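Here's the structure, in structure tokens; my notes come after.
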Amino acid sequence: MDDCIFCKIAAGEVPAKTILREVDVIAIEDLNPQAPSHALVIPVSHHATIADLTRAEPALAARLIAVAAQLGADRGGAQGFRLVVNTGELGGQTVGHVHVHVLAGRQMSWPPG
Ligand code: AMP
Ligand code: ZN
């Protein structure tokens with residue numbers, strides 16, 4: 001997608017603090033961290049939402065979650081972590097390229113805001 005910030009980061013056209021770069025998935029540090037550790041796991045191919053990705057490329061959706069869970073385990077250790085996929089307007093999604101937030105390093109609250 002021409003005007004998508006995460007497509008541009010995945011293509012290396014916009015800089016980001018890259019944690020992991022593979023053929024199909026990247027992980028970066030969130031620009032505006034909401035926890036001591038806040039990473040984003042992003043598929044290289046453009047899909048607006050987790051529902052779109054799951055319909056179009058179910059194996060990639062599974063991989064996205066697997067990479068996010070491994071990163072959460074690496075960063076949160078025995079204390080734990082949280083994965084978040086904001087979806088659509090009511091879900092609070094602000095970037096229209098699916099991504100998994102990996103939050104760790106503080107006590108999370110429930111219900112989410
Ligand atoms: P969401 O609101 O769930 O769509 O999440 C979008 C996330 O992307 C927010 O946490 C932003 O801080 C983050 N973000 C936006 N632009 C960038 C960027 N250029 N590099 C890293 N993170 C970004
Ligand atoms: Zn995109």
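List of remarks:
- Here Gly77 passes the criteria (1) of a type in the set (Gly, Ala, Ser); (2) over 20 Å from Ile9 (Cα atoms); (3) modelled with pLDDT of 95 or more except the one numbered (3).
- Subset of the range 38-54 (residues that are over 12 Å from Asp24 (Cα atoms) and assigned to a loop (DSSP other than H, G, I, E, B)): His47, Ala48, Thr49
- Filtered by the rule that a residue be more than 14 Å from ligand 2 (Cβ to nearest atom) and either part of a loop (DSSP other than H, G, I, E, B) or open to solvent by 100 Å² or more (accessible area, probe 1.4 Å) (or both), the range 1-37 gives Pro15, Lys17, Arg21, Glu22, Val23, Asp30, Leu31, Asn32, Pro33, Gln34, Ala35, Pro36.
- Here the range 55-87 is the region considered, the condition is being over 14 Å from Leu40 (Cβ atoms) and outside any helix (DSSP H, G or I), and the residue that is least open to solvent (accessible area, probe 1.4 Å) is Gly80.
- Residue identified as within 15 Å of ligand 1 (Cβ to nearest atom) and touching a helix residue (DSSP H, G or I) at 6+ places or on another chain (Cβ under 6 Å) among His47, His101, His38: His47
- Qualifying residue in the range 23-42 (condition: over 20 Å from Thr94 (Cβ atoms) and among the charged types (D, E, K, R)): yes
The values are calculated or read from the model by the stated rules, or taken from the named source; none is laboratory data. Only a predicted model underlies this, so the values are computations on that prediction, with no experimental measurement involved. Heads up, the Cβs are rebuilt from the backbone with ideal geometry, glycines too, and the neighbour counts pull from every protein chain shown. Heavy atoms of the whole protein, side chains included, go into the accessibility calculation; ligands, DNA and RNA do not. Shrake-Rupley method; radii C 1.70, N 1.55, O 1.52, S 1.80 Å.
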